[in-house]
Amino acid sequence: MTNKILDLVEKPHLKQNPPQFEVGDTVDVATRIVEGEKERIQVFSGTVIMRKGRGINETFTVRRIVNNEGVERIFPLHSPYISKVTVRRSGESRRAKLFYLRGRVGKAVRLTEKRKVAKKEAVAETEPSGELAAAAT
């Protein structure tokens, strides 16, 4: 249950089109870095191991391996410093939090890729065939 007044205050600060990704996806997070008067974009690539919170407090954690060392960064989803989140690969996961990846190294860290159903197959599954439809009526 949320407070309606808090929702009204937070609403103008939320992103209009938040990036669409799930836990297990491999993403590139482009963050704006301000150094003095200069501004540049730095990309952090890795696997999303968790999402938590809601509204303005929603965050996601991205993990990657650098020099045989695990590195995790927590990003606020609605931060103005997050310029873009690109999904490179969709991973299949049956859990909301993938903390078990912290104990794995090498190829064991990889998740199986989500299968994409072709449009023709999806249409065939949803529409009953002509013979069955005629028999049913």
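A short reminder: the numbers here are calculations on the coordinates, not readings from a lab. Just so it is clear, the model here is predicted, and its values are computed rather than measured. Note that each Cβ is placed from the backbone with ideal geometry, even for glycine, and that neighbours are counted across all protein chains shown.
Answer yes or no: is there a residue in region 13-25 that is within 16 Å of residue 109 (Cβ to Cβ) and of a type in the set (A, V, I, L, M, F, W, C).
There is at least one residue in region 13-25 that is within 16 Å of residue 109 (Cβ to Cβ) and of a type in the set (A, V, I, L, M, F, W, C).
Here are 48, 43: which of them is within 12 Å of the chain's Cα centre (by Cα) and in contact (Cβ under 8 Å) with a residue 12 or more places away in the chain?
Details: 43 fails: within 12 Å of the chain's Cα centre (by Cα).
Selected residue: 48, the only one of 48, 43 that is within 12 Å of the chain's Cα centre (by Cα) and in contact (Cβ under 8 Å) with a residue 12 or more places away in the chain.
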